[in-house]
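FYI, it's all coordinate maths here, none of it is from the lab. Predicted model, so just to flag it, every value in this text is computed and none were measured. For neighbour counting, all protein chains shown are included, and Cβ atoms are generated from backbone atoms with ideal geometry for every residue, glycine included.
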Amino acid sequence: MKKLSSQILMSPRITEKGAYLSESGVYVFNVAMVANKSQIVDAIKETFKVTPRKVTVVVMPRKQTQTRGTNRKGLTAAGKKAYVFLKKGDTIDLV
């Protein structure tokens, strides 16, 4: 069963590091945990009409945290992010 591009590309990661990388043609997206590189490439092509040069996928594990005031313990959310490298001159408008 083929997944829709909206199910694969969940959202762009709007961070300071992401803004710095976007100046050099690298964009960062939150992607589904079950997505692989070829699905991410297809979703980028379908959604933004550009062909990525390279895609790097990073899995972010869950981490234990503790609140400052009440000392309650919890877990951060696990996730997967994709760094999408575009050809020179190609851009993605995220705003």
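Below is a table of values for the structure above.
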item	result
Part-to-part distance (alpha-carbon centres) for the range 1-35 and the range 80-95, which is given in Å	8 Å
Folded to 0 to 90 degrees: helix 37-48 orientation relative to the chain principal axis, Cα	70 degrees
Volume of the Cα convex hull of the range 25-81, divided per residue and given in Å³	104 Å³
Intensity falloff of the chain expressed as log10 I(q)/I(0), Debye formula with alpha-carbon point scatterers, at q = 0.16, 0.17, 0.20 Å⁻¹	-0.68, -0.74, -0.94
Check: the chain dipole with +1 on Lys, Arg Cβ and -1 on Asp, Glu Cβ, in debye	460 debye
Length gained when the stretch Lys81-Ile14 is fully extended (0.36 nm per residue, less Cα-Cα span)	22.9 nm
